[in-house]
Amino acid sequence: MALQINIAARREFKSRDLWEMHTLRAKVFQGRLGWEVPVLSGMEIDGYDALEPHYMMMREPGGGVLRGCWRILPTEGPYMLKDSFAQLLHGQPAPCDEHIWELSRFAIETEGCSHFGFSEITMESIAAIIRYGHEQGIERYVTVTTTAIERLLRRAGVVTERLGPPLVIGVETAVALYVDIEPTCRVLFDRRLAS
């Protein structure tokens, strides 16, 4: 399924889009994953959403159902790794660079796995976020994820580097990662040519 993918600043999305995104995040993070996140009126919203982030939204063709989202924030201001999960840095300074942005709040409406343990929608979203980074001059993303997702990312060809060893946070074993844009672009492009 070819998704409609839109990546833009928060202010460029309609209120309905934002409502659907925050509702999907609540469903995935609190409902499916069991994370302790604040949910208000069925929506998961945190303070980082007030910082004018960019979002990726993935919809079914024709403007249909919202299937997934991602939040993207520059590392020159507040962001989750630096300000909420600093323990994953193990005393190192948090990245602060115009060419490093944080990926957070990835939520996807899953439907079965097929590529490297990820659904088609997830693989499409990874390719789109890497392409966006390349087009915007972003050299690296930084993200907090689980060690299980880290393994899947590597199998899918995403070039990552740990910022430190994993730690148990809440119900998950979490790790902070760099995602290298250009090397990942090359791997994903080579795999696309080979298929």
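Coordinate-derived values only; no laboratory data. Just so it is clear, the model here is predicted, and its values are computed rather than measured. In this analysis, Cβ positions are derived from the backbone assuming ideal geometry, glycine residues included, and neighbour counts consider all displayed protein chains.
What shape does the stretch 1-91 take by its C-alpha gyration tensor, where a ≥ b ≥ c are the square roots of the eigenvalues and a/c under 1.5 counts as rounded, a/b above b/c as prolate, and the rest as oblate?
Since a/c reaches 1.5 and a/b is larger than b/c, the shape of the stretch 1-91 is classed as prolate.
Using Cα pairs closer than 8 Å and at least 6 residues apart in sequence, work out the relative contact order for the chain, in percent.
Reported as a whole number, the value is 19 percent.
Tell me which residues come under 5 Å, amide H to amide H, from Glu44 once H is placed; ignore anything under 5 positions away on its chain.
Counting only residues 5 or more places away or on other chains, the set is Thr23, Arg25, Ala26.
Mind listing the Cα extents of the chain along all three principal axes, in Å, largest one first?
46, 45, 30
What dipole magnitude, in Debye to the nearest 20, does the chain give about its Cα centre under +1 on Lys/Arg Cβ and -1 on Asp/Glu Cβ?
420
Considering amide H positions built from the backbone, and no H for Pro or chain starts, which residues 5 or more places from Asp97, or on another chain, come under 5 Å of its amide H?
Close amide H contacts, sequence-distant or interchain: Thr75, Glu76.
In what sequence do Leu51, Leu188, Leu81 fall when counting other Cβ within 10 Å, fewest first?
Leu51, Leu188, Leu81
Under 5 Å between amide H atoms, partner at least 5 residues away or on a different chain: which partners does Glu109 have, H built in plane at 1.01 Å?
Close amide H contacts, sequence-distant or interchain: Gly68.
Ranking His90, His99, His54 by Cβ neighbours within 10 Å, fewest first, what do you get?
Ordered from fewest to most neighbouring Cβ atoms within 10 Å, His90, His99, His54 come out as His90, His99, His54.
In deg cm²/dmol and to the nearest 500, what is the mean residue ellipticity at 222 nm of the chain if only DSSP H runs of at least 4 residues count, each as -39500 (n - 2.57), divided by the residue total?
That comes out to -8500 deg cm²/dmol.
Can you put Thr23, Thr143 in order, fewest other beta carbons within 10 Å first?
The order, fewest Cβ neighbours first, is Thr23, Thr143.
Hey, what do the phi angles of the stretch 158-169 turn into as Karplus ³J(HN,Hα) couplings, whole Hz, using 6.51/-1.76/1.60 and θ = phi - 60°, x for Gly and Pro?
3J(HN,Hα) across the stretch 158-169, in whole Hz: 7, 8, 10, 9, 6, 8, x, x, x, 9, 7, 10.
Mind checking the stretch 1-100 for GluC sites (Glu not before Pro) that DSSP puts in a loop (not H, G, I, E or B) and that have at most 11 other Cβ atoms within 10 Å?
Here the sparse-neighbourhood loop sites are Glu36, Glu98.
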